[in-house]
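Please read the structure below before turning to the comments.
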């Protein structure tokens, strides 16, 4: 494949360089516009899963007129199979803080929040120390930016940016209608940049080493590196920073246990790729790579031939049924129907053809659900049912 | 003013009497009381001046805001796929066996509550569980028995 | 064209005002996009998803209610993609819904049923979720039944209770498949801050929230030869009932309604407007007494502003939310309860009927009136003063059950003895009406002259503005009222409890220097009551209001003190306003209740 390449490990994110003060002070000497252009030219896309160009997000927020703006670091990492943000926040938190401050400088915000999932409460104390140190330095260089932590309380949907803001405002984490987008109307109705933890760290890399260094990595439309959370049937589970654009074949060669039957890319809301499609699948942002391309928050879960794909799907659907916020019909009722539906087919209470009705239902969910959660249930459902139909029936 | 009232008043003083403070206040009450009782919700509603129904509606949205009486140590064992693949059920049986409670229950001495949780973010070290905010990973039935024994000893039990 | 956008709907280009949603744009073009969670009275939720439409170039469908039109948009409201998705969504809702339509109170007037019928959902392939859910039904409130098995979770009730009423008795709780609409700690409605206003009932698209009906009880009473059944009809019923019987919003059907009630078999058809006039005499006198005690005697125990007390939703709201300020409330009972107390005393005596043989029924635009009638203190006649309260909707059901061709009924007048009323009584049904009626009388009592407004129409207190204010300067009063000379009587009018809150917060903070405030629990006053025909929205409330004022304008007597039956009542029975008998029968006290 022309665009694909051998697996390349990279080490930007966790490279421990104690120079964040320097990076911060030198970066904020540049003009906001320069920084935005730098970011745009790096072609960095959001690493939380949706893949929106980060530079544009910052640009739109910087263009809004408002007495108050906010920067939010989305650390509500809840996608099954994803644990990179925790690793970043425990190993290189200062990079995240620096990036948030630079984002504040660029957009005209002086207040930042880290929305930390409740499951990571144990990180809070250490992170607060880092923040104190960080703010101390900001004070010294007369740079006005404050960061506080907002703890989540166990709700996957709060990783959805507008649900997260609802949650911060003290309400149920129910996603809002879009438009308006957070860059216009965000937290407390003010323009807000909300970026994933990893995205922010990449901006740190870009501001430190320049956009070119980042852009030169990866492939067209999928530039730079990405953290992958590797788990499941693998001899070496863990976090790996890899160049984007790799083929799944190479990935499995590196991480598989020799018996890999399928890989779930992107967590429960991602896609399942069966062995026969490994060589056609490339890991990067949507649609532009040869073969199948897989947008991703970085979860890579490997399954070997001892695993039942029915059980995998059943587990995912139970997850969605519980974690749907419940407000919109297609997601609330759809998830229940899918879960009960595959069980009924398995039991023989519904004919195998019922799977097709459920496939059409996932299409409707994708078309009509209010937010990404309900829209993406179709991904795992259809990819598992299409590729492992017999396992659903017998 | 009873202890809950003063706890909530202090929390409201600390976080501010506004809707945005609701989650931090509820979290702190749960931290202290193990769960959010009807009484606590009423006090929060009064102190922050928001409708009680809204407090209830918001509280029940979040899995970590317990609204039923819970033990001092809340065990949350991850039930998402990676943990299931790595033997979560065996670990769960070991816990149930040891504490003599089922999922969703609390020991009669109000020490332990046993719950399942969705992905805790430790798939590479599955299976995982939380005991309150403490993480335990790569669990086996043997390991979990040791961990729980430590907790029991810590409390002068057995 | 700066404030216009060019779009096309189903291939036809149109110019649309900037900022309008796709739903509004389509409506302008005469295209109906189905909705469920959308209600014109409420903020947009965008959660039911039945209004999805296709916008060219966008992969996903958009919720028409929540998507603003943008220049160049090509919108398809009925493409195959849209239709298939919409059908799926309706099927999903039905899977979760107890679709036992023939046994449902809302059968025939259910938005989900209509959608299912329009889209011809003939089969149910999806798995029935109803048997798997632990749905509960709350029938403990005397006013409202909440049946979770009928709920489609559109949250209209929650938004109504919060946005229109500021009560927040209802909330969304839990998430995922367990998400439900409930109250604080899932208590019964009667045990929480619910004011029984019934706006949730009026805004519910299905049978999840309905009034507790007393239809069979009333039929039984009518059929009982040993009972004398009197019925009173509230002012707002006569401008709403027609809608339930196929007439246009704003139809005035007073005469037909009376005729219908007679044919249903009520022994005496009387008018709540009569006691509305009576209320004005009592309440007006109370106001003047309070003014005197405050202004002349300097009595610190007497509170101003005085607030009206006709609306039982408003009263219960006060009891829950402002329990420390109950002494602002007039002690007058509502017209319904005054009527009830008199029916089993004055009326019984005059008609020579034993009070225990009288069954007192009232037809109200209101669900809170059901609760009011059940209040333990409402037994001043020695019996329960009002036995059964039916809503406007329930009356329509009686009429349909009796097979009456409503439209063809010859208008008939109310029976006498508590059947006479003036225009002042009629306007009790609209926001500002009690105030206007009170001013017409009080001003005249004090000055001996008519209120200085063209044709008695006190325009400043009319209209649908959230909070209205008016000031009337007292000049050259009669000798007895000399202390009021030069005083500007300041009045305010609030309707909808969320607006009542604004005013009461000002009163509480000591920042409101009003003398007299009219409060109505429901938007628009009683004509927008929770017991009125469904749908009710701003446009319909306007039409009903016009009808009420037309009703007033058509009457010769338009001031409460001109009501000759009221005068006779005082002469023969009560003595004088605020006298001992009035005090016993027509006034009440209030109960402090919990906010939380």
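All of the numbers you see were taken from the coordinates with simple rules; none came from a lab. Please read all numbers here as calculations on a predicted model, not as lab measurements. Backbone-built Cβ (ideal geometry, glycine too); neighbour counts: all protein chains shown.
Roughly how many Å is it from the Cα centre of the range A:218-277 to that of the range C:64-80, as a whole number?
Distance between centres, Cα-based: 39 Å.
Can you pull the mean other chain C-beta count within 10 Å for peptide B:21-27?
Across the residues of B:21-27, the mean count of other-chain Cβ atoms within 10 Å is 4.
Checking the a/c ratio against 1.5 first, then a/b against b/c, what shape does the Cα gyration tensor give for the range C:321-369?
Prolate shape, in that a/c is at least 1.5 and a/b is the bigger ratio.
Rounded to the nearest 0.05, what FRET efficiency is calculated for residue B:110 and residue B:132 with R0 set to 22 Å and r the Cβ-Cβ distance? Working shown, then result.
On the way: r = 14 Å, r/R0 = 0.64.
Efficiency, from the Cβ-Cβ distance: 0.95.
Calculate how steeply helix B:141-154 sits against the longest principal axis of the alpha-carbon atoms of chain B, using the helix alpha-carbon long axis, and give the answer as 0 to 90 degrees to the nearest 10.
The two axes meet at around 50 degrees.
Highest first, please rank the peptides C:497-504, C:378-385 by the mean number of other Cβ atoms sitting within 10 Å of their residues. Show your work: numbers first, answer last.
Numbers: C:497-504: 21.8, C:378-385: 18.6.
Most protected by this proxy first, the peptides run C:497-504, C:378-385.
For the pair residue C:120 and residue A:6, what calculated FRET efficiency results from E = 1/(1 + (r/R0)^6), where r is the Cβ-Cβ distance and R0 = 45 Å, to the nearest 0.05?
Plugging the Cβ-Cβ distance into 1/(1 + (r/R0)^6) gives 0.20.
When only Cα pairs under 8 Å and 6 or more residues apart are kept, what is the percent relative contact order across chain A?
18 percent.
If you take each beta carbon of peptide A:73-81 and count the beta carbons of other chains within 10 angstrom, what is the mean?
3
Note down the relative contact order for chain C as a percent, whole number, built from C-alpha pairs under 8 angstrom at least six residues apart.
Details: 1199 pairs, mean separation 94.3, N = 596.
That works out to 16 percent.
I'm a student and want to see the number: the projected area of the Cα convex hull of chain A, averaged over all directions, in nm².
Numbers: hull surface 72.9 nm².
Computed as one quarter of the Cα hull surface, the answer is 18.2 nm².
Return the whole-Å distance between the Cα centroid of the range C:199-245 and the Cα centroid of the range A:89-150.
62 Å
Does the range A:20-215 come out rounded, prolate or oblate by the C-alpha gyration tensor, with a ≥ b ≥ c the root eigenvalues, rounded set by a/c under 1.5 and, if not, prolate when a/b is larger than b/c and oblate if not?
rounded
May I ask for the angle, rounded to the nearest 10°, between helix C:80-96 and the longest principal axis of chain C, with both axes built from Cα atoms and the value confined to 0 to 90°?
Tilt relative to chain C: about 60 degrees.
Can you give the convex hull volume of the alpha carbon atoms of chain C per residue, in Å³?
170 Å³
Going by how many other Cβ atoms sit within 10 Å of their own, how do C:112, C:398, C:209 line up, fewest first?
Working: C:112 24, C:398 20, C:209 30.
Going from sparsest to densest Cβ surroundings: C:398, C:112, C:209.
What percentages, rounded to whole numbers, describe P(r) for chain B computed over all alpha carbon pairs with 5 Å bin width beginning at zero?
Per 5 Å bin, starting at 0, the Cα pair percentages come out as 2, 9, 18, 18, 15, 13, 11, 8, 5, 1, 0.
Considering the convex hull of the alpha carbon atoms of the range A:309-393, report its projected area averaged over all viewing directions, in nm², one decimal.
4.5 nm²
Viscosity 0.692 mPa s, temperature 37 °C: what is the translational diffusion coefficient of the range C:92-211 from Stokes-Einstein with a Kirkwood Rh over Cα pairs, rounded to a whole number of µm²/s?
Answer, rounded: 222 µm²/s.
What 222 nm value per residue comes from the helices of chain A, counting each DSSP H run with n ≥ 4 as -39,500 (n - 2.57) and dividing by all residues, nearest 500 deg cm²/dmol?
Rounded to the nearest 500, it is -13500 deg cm²/dmol.
Hey, could you pull the Cα Rg and Dmax for the range B:73-154, both in Å?
Rg then Dmax for the range B:73-154, in Å: 11.4, 34.
Can you put C:415, C:277, B:2, C:485 in order, fewest other beta carbons within 10 Å first? Numbers along the way, then the final one.
Numbers: C:415 19, C:277 31, B:2 8, C:485 13.
In order of increasing Cβ crowding within 10 Å: B:2, C:485, C:415, C:277.
So how far apart, in nm, are the two label points at residue C:224 and residue C:295 if each is 7 Å from Cα heading toward Cβ?
Result: 5.0 nm between the two label points.
Compute the whole-percent fraction of alpha carbon pairs in the range C:4-78 spaced more than 13 Å apart.
Numbers: 1686 of 2775 pairs.
Roughly 61 percent, rounded to a whole number.
Which order results if A:58, C:481 are arranged by neighbouring Cβ count within 10 Å, fewest first?
Details: A:58 24, C:481 18.
Ranking A:58, C:481 by Cβ neighbours within 10 Å, fewest first, gives C:481, A:58.
Between residue C:324 and residue A:220, what is the spin-label point distance in nm, taking each point 7 Å from the Cα along the Cα→C-beta axis?
In this crude label model, residue C:324 to residue A:220 measures out at 7.2 nm.
Could you tell me the calculated FRET efficiency between residue C:28 and residue C:247, based on Cβ-Cβ distance and R0 = 25 angstrom, to the nearest 0.05? Show your work: numbers first, answer last.
Working: r = 26 Å, r/R0 = 1.03.
E(calc), rounded to 0.05, equals 0.45.
How do B:7-16, C:195-204 rank on mean C-beta neighbours within 10 Å, highest first?
Per-residue mean Cβ counts within 10 Å order the peptides as C:195-204, B:7-16.
In what sequence, highest mean first, do C:152-160, A:174-182, A:143-151 appear when ranked by Cβ atoms within 10 angstrom?
C:152-160, A:174-182, A:143-151
With the cut-off at 1.5 for a/c, could you classify the range C:1-131 from its C-alpha gyration tensor as rounded, prolate or oblate? Write down the numbers at each step before the final one.
Details: a/c = 2.57, a/b = 1.97, b/c = 1.30.
The shape class here is prolate.
Can you give the calculated 222 nm mean residue ellipticity of chain C, where each DSSP H run of n ≥ 4 adds -39,500 (n - 2.57) and the sum is split over every residue, rounded to the nearest 500 deg cm²/dmol?
After summing the helix terms and dividing by residue count, I get -9000 deg cm²/dmol.
Based on the Kirkwood radius over alpha-carbon pairs, what value in µm²/s does the Stokes-Einstein equation return for the translational diffusion coefficient of the range C:460-593 at 20 °C and 1.002 mPa s?
Approximately 118 µm²/s, per Stokes-Einstein.
Using Cα atoms only, what is the angle between the long axis of helix A:93-107 and the major principal axis of chain A, expressed in degrees (0 to 90) to the nearest 10?
Compared with the principal axis, the helix lies near 70 degrees.
Can you tell me, using C-alpha contacts under 8 Å and at least 6 residues apart, the relative contact order of the range C:299-395 as a whole percent?
Normalised by residue count, the contact order of the range C:299-395 is 27 percent.
In nm, to one decimal, how far is the modelled label at residue C:557 from the one at residue C:467, with both set 7 Å along Cα→Cβ?
3.7 nm
Taking the Cα centroid of the range C:511-545 and of the range A:1-79, what is the distance between the two, rounded to the nearest whole Å?
Answer, in whole Å: 53.
Return the average number of partner chain Cβ atoms within 10 angstrom of each residue Cβ along peptide B:82-90.
Values: counts 13, 3, 5, 12, 4, 0, 0, 0, 0.
Counting other chains' Cβ atoms within 10 Å and averaging over B:82-90 gives 4.
Find the all-direction average of the projected area of the Cα convex hull for the protein assembly as shown, expressing the result in square nanometres with one decimal place.
Values: hull surface 200.9 nm².
It is 50.2 nm².
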